[in-house]
Amino acid sequence: MEKQGYRENIALLTEIFPGRAAISVQEAATITGTSKDAVYDMIKRVHNPLPHQKMGSRVLIPVAGLARWMCG
């Protein structure tokens, strides 16, 4: 089931980050209008955590996961 607003969010994110499957924590902070620390806090939440993938020491945010998460 697709969440309401997902298509608009994914269109916006793919326009900003063309051809990208994932973005950095700093880029996610810019998109959400928060700080890197706030993004890490969103990742650690128990309820509705921000989707992420660890790649070695890097944390990446999947574009599709962020679009879905932005729907609430």
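Structure data summary
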| item | result |
| --- | --- |
| Å² of accessible area per residue within the chain, as computed with a 1.4 Å probe and no ligands counted | 67 Å² |
| Whichever lysines have a C-alpha closer than 17 Å to that of Lys54, once near sequence neighbours (fewer than 8 apart) are set aside | Lys36, Lys44 |
| Accessible surface of the chain [probe 1.4 Å, protein heavy atoms]: carbon and sulfur percent | 54 percent |
| Proximal charge balance of Ala29 [Cβ under 13 Å; K/R count +1, D/E count -1] | -2 |
| Solvent-accessible surface (1.4 angstrom probe) belonging to Lys54, in square angstrom, nearest 10 | 130 Å² |
| Label assignment, P(r) over Cα pairs in 5 Å bins from 0, in percent derived from the structure, set [x] 3, 17, 29, 28, 17, 5, 1; [y] 3, 16, 25, 22, 12, 8, 6, 5, 3, 1, 0; [z] 3, 14, 19, 25, 22, 12, 4, 1, 0 | [x] |
| Mean separation of Cα contacts under 8 Å (6+ apart) over length of the chain, as relative contact order % | 40 percent |
| Helical mean residue ellipticity (222 nm; -39500 (n - 2.57) per DSSP H run of 4+; nearest 500) of the chain | -13500 deg cm²/dmol |
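The values are calculated or read from the model by the stated rules, or taken from the named source; none is laboratory data. From a predicted model like this one, the values you see are computed outputs, not experimental measurements. Note that we place each Cβ from the backbone using ideal geometry, even for glycine, and neighbour counts take in every protein chain shown. In case anyone asks, the SASA skips ligands and DNA or RNA and just uses the protein heavy atoms, side chains included. Shrake-Rupley method; radii C 1.70, N 1.55, O 1.52, S 1.80 Å.
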